[in-house]
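Below: the structure, in structure tokens.
The values are calculated or read from the model by the stated rules, or taken from the named source; none is laboratory data. Just so you know, these numbers come straight off a predicted model, no measurement behind them. FYI the Cβ positions are ideal-geometry reconstructions off the backbone, even for glycines, and counts take in every protein chain you see.
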Amino acid sequence: MKVFMVHEDPWNAGNPFIYTLIEGIKKSHPECGMGWGRENFWSDEILSYDIVHFHWPQTFMGKDPHTETDLLRHIENMKSSGVKIVATCHDLEPHYNQFADKAESMRIVYSHCDAIFHLGNYSKTLFEKKYPNAVHYLLPHHLYDTVYTNFPSREESLKKLGLPDNRIYILCFGAFRAQQERELIFSLSKQLADKNIVILAPSFMNIWWHSFRLLHKRLIKWFYKFRYHIYCTGSTWRAVSDESLPYYYGAADIAFIPRLKILNSGNALMPMLFGKVVVGPDCGNVGPLLHQWNYPVFSVEDVDNVGSIVRKALQMGKEGIGGQNRLRQLDEYSTEVIVERLYTAYLLITSNF
């Protein structure tokens, strides 16, 4: 069997989702051929694959000179040649209008799928009605346990990040895509009203490093720190490296997902790998996932009580609830477990179900 992952370079995708699945399949099923690459996707070589698996089609097409019409014809050609088209439903629509002009590519892909994988039942239920001709599989988001194998202590982590040890840390990872998400953090800070509780948000500023703006950015960083207890760590405010990421979780008391509009989030799973309690929005596939583990959620329609919800999570973290859940979460979401479920589904798909 040969499977093609539709991405230009899975090892430089911004997160490990695709390449960890590729590596997992190659390790456990070396007989399965795996392919990827933009040029390969548009070449006739694609017809030699049994399965073509799409991820984030709007992003792929947003960086591609081909049109949606080209995509439609290419998919139709693949299907007529016996290639099975599958997709993972990462999004229902482009994030905050990013690549919004390529939203049609999502509809084209989903409507031509033989099978669609869902990270939760919320999207699965929606798509079973919207795309009844596809077979819909529930395949949870995997933990990146093959990527992050270093679990530093709190003491070591605080020292590495240069953070004081007499603070409580709420970790907010990921890009802040909209001003509403920043406003949520400001609101959380005001509701907590406690200088000993720090919101550790590495990407909060979302400003690139240029020397001529250095003073201005340092002033903003200082303002966030002393007015809102938001620590924008790092010298360049770029994305946290894989090497540094474990230290942030090592320092954190809990993790908080500052999203008001979301379907899935790797930031809901990553804290579980490090044994942390997670607080997130009660929407999409994220809400049910957190409910499953009895972690606190907040309403995206009313965030006036998000402070009290976070305090509940801090108490759970203090009681070690996150660490107690970790082994069961690894049993359900480890890369090895999810890869086997994915590979089994591939076999069913290629055998015409």
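Below is a table of values for the structure above.
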{"item": "Leading residue by the ranking (farthest from His118 (Cα to Cα)) among those in segment 257-295 that are crowded, with 22+ Cβ neighbours inside 10 Å and among the charged types (D, E, K, R)", "result": "Lys276"}
{"item": "Among (1) part of a helix (DSSP H, G or I); (2) over 24 Å from the mean Cα position of the chain (by Cα); (3) of a type outside the set (Gly, Ala, Ser) - the single one Pro65 does not satisfy", "result": "(1)"}
{"item": "Qualifying position, being in the same structural domain as Asp253 (by TED's automatic domain parsing), among the β-branched types (Val, Ile, Thr), free of Cβ contacts under 8 Å to residues at least 60 places away in the same chain and under 17 Å from Ala251 (Cβ atoms), among Val277, Val310, Val300", "result": "Val277"}
{"item": "Every residue from segment 144-161 that is in a helix (DSSP H, G or I) and among the acidic types (Asp, Glu)", "result": "Glu155, Glu156"}
{"item": "Selection status of Gln329, of a type outside the set (Lys, Arg), in contact (Cβ under 8 Å) with a residue 24 or more places away in the chain and either within 18 Å of Gln180 (Cα to Cα) or not in a strand (DSSP E or B) (or both)", "result": "yes"}
{"item": "Flag if Val286 is touching a strand residue (DSSP E or B) at 6+ places or on another chain (Cβ under 6 Å), in the same structural domain as Leu200 (by TED's automatic domain parsing) and either at pLDDT below 95 or farther than 25 Å from Leu161 by Cα (or both)", "result": "yes"}
{"item": "Some residue of segment 41-53 being in a helix (DSSP H, G or I) and closer than 26 Å to Asp242 by Cβ", "result": "no"}
{"item": "Residue identified as among the hydroxyl-bearing types (Ser, Thr, Tyr) and assigned by TED's automatic domain parsing to the domain that holds Glu93 among Tyr295, Tyr343", "result": "Tyr343"}
{"item": "Test: residue in segment 266-288 that is more than 23 Å from Tyr122 (Cβ to Cβ), assigned to a helix (DSSP H, G or I) and touching a Leu at 6+ places or on another chain (Cβ under 8 Å)", "result": "no"}
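To keep it simple, each residue is scored yes or no on (1) more than 30 Å from Glu336 (Cβ to Cβ); (2) assigned by TED's automatic domain parsing to the domain that holds Arg341; (3) out of contact with any Asp or Glu (no Cβ under 7 Å at 6 or more places or on another chain).
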| position | (1), (2), (3) |
| --- | --- |
| Leu138 | no, yes, yes |
| Thr149 | no, no, yes |
| Gly174 | no, no, yes |
| Arg182 | yes, no, yes |
